[in-house]
1. If contacts are Cα pairs under 8 angstrom and at least 6 residues apart, what is the relative contact order of chain B in percent?
2. Enter the angle in degrees (range 0 to 90, nearest 10) between the Cα long axis of helix A:137-153 and the first principal axis of the Cα atoms of chain A, meaning the one along which they spread out most.
3. Calculated from DSSP H runs of 4 or more alone, at -39500 (n - 2.57) each and per residue, what is the 222 nm mean residue ellipticity of chain B, nearest 500?
4. Taking neighbour Cβ counts within 10 Å as the exposure measure, how do B:254, A:89, A:160, A:131 sort from fewest upward?
5. When a footprinting reagent is the concern and you count Cβ atoms within 10 Å, what order do B:114, B:153 take, fewest first?
6. What's the angle, to the nearest 10 degrees (0 to 90), between helix A:101-120's Cα axis and the longest principal axis of chain A?
7. For chain A, what's the relative contact order in percent, using C-alpha pairs closer than 8 Å and at least 6 residues apart?
8. Rounded, prolate or oblate for the range B:191-237? Axes are the square roots of the Cα gyration tensor eigenvalues, ordered a ≥ b ≥ c, and the cut-off for rounded is a/c under 1.5.
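Every number here is computed from the coordinates shown, using simple stated rules; none is lab data. Bear in mind the structure is a predicted one, so any value in this text is a computation, not a measurement. Please note: Cβ atoms are built from the backbone with ideal geometry, for glycine as well, and neighbour counts cover all protein chains shown.
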């Protein structure tokens, strides 16, 4: 009886091991497909996304494939009764240090906005167009962040419009002179009481 | 079939490397405790009703509705935060019903992450994955079934760590900066990942070019060098140093310690036992 039960137990364990190995194989196949989703077919990408996100979400592309060649800052200014304030950094301007969590959050928004600027900024008849960027989640996230930080930390300062811009400070090439190249990308003003 | 049965018998008879496994799981939940405490001051900014994040809807399905619930019901974040912190604290200790507290710590950690992904980096992703794999682990079991499950969970953790290095290396290989040695130069010039002191040192091109290649080589060779058990301690020490530098130079302490903690999986048993903080945890 004991031998029979031991044999049955061994068979169950072998079955569990085979199932476990199979599960691990499928799991890491899907996570691999998810990690390189831009290189797989749409149908595979959909399957990988459904399996992996959000439970096994992963992203190992920090500083890869390349590091950004610029510093970026999200700045804002606000107007009240037609008078604009000075430009101020959204995070540093509220007292958060450069290496703080809030500054890192801001950098995340900057990264997304920079992508939008690279891919969705265009001109029409010589006029720069921001409409595609302003419809993007990246712009909404950045603007909302600026509005919330202002309302939280400068609640005594009323505003009737707000404007954000992203400042890029480009890093000199490795080994070259330290000339600093700064450029700004200003977005149209946000008017809270105007329906768009 | 005999070989498979023999291997399964070995896997189910006892937990492989129980001390390093136990140490690693302790470190996972310690990481969550420290992370939660470090976010105490700004938790309302991140998760509260007046959060700085613009909340947008997710496609409706069971998993999204569960893990993204703080996006729709931010008022619940205090409860989720405290459940996460308390369950992570309890999960520092291993007992028969640990899977309950570990699941709670993992699920609430997922909710907090999903409500504010921009507030985190890959460090939390590493720890959430490891926490998921650790739910069913019980290193003190005498049950053959539970030993088998525990050993498979341990394999999942090891494979995941290796894949992190492999995937990251592949991403870097597809660019130019890690291949031409300029990557760290550009990192040092990003204010949020550097400081005035380190930025000044970025002028020493040769040092940082060599460092870039060393870091990249370590990452590429890590999965292979792991096979040399006699040299493993040196490999891990080098890795600890590199990741500590990520913390010191780039202030990415959460990611640095997430990766350093993962090295516990590869430690020798006598070293892991020595590092276990309490006698009761060593039993």
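1. Worked out over chain B, it gives 25 percent.
2. It works out to around 70 degrees.
3. The per-residue figure over chain B is -22000 deg cm²/dmol.
4. Result, fewest neighbours first: A:131, A:160, A:89, B:254.
5. By the 10 Å Cβ count, ascending: B:114, B:153.
6. In chain A, helix A:101-120 runs at an angle near 80 degrees to the longest axis.
7. The value is 19 percent.
8. Prolate shape, in that a/c is at least 1.5 and a/b is the bigger ratio.
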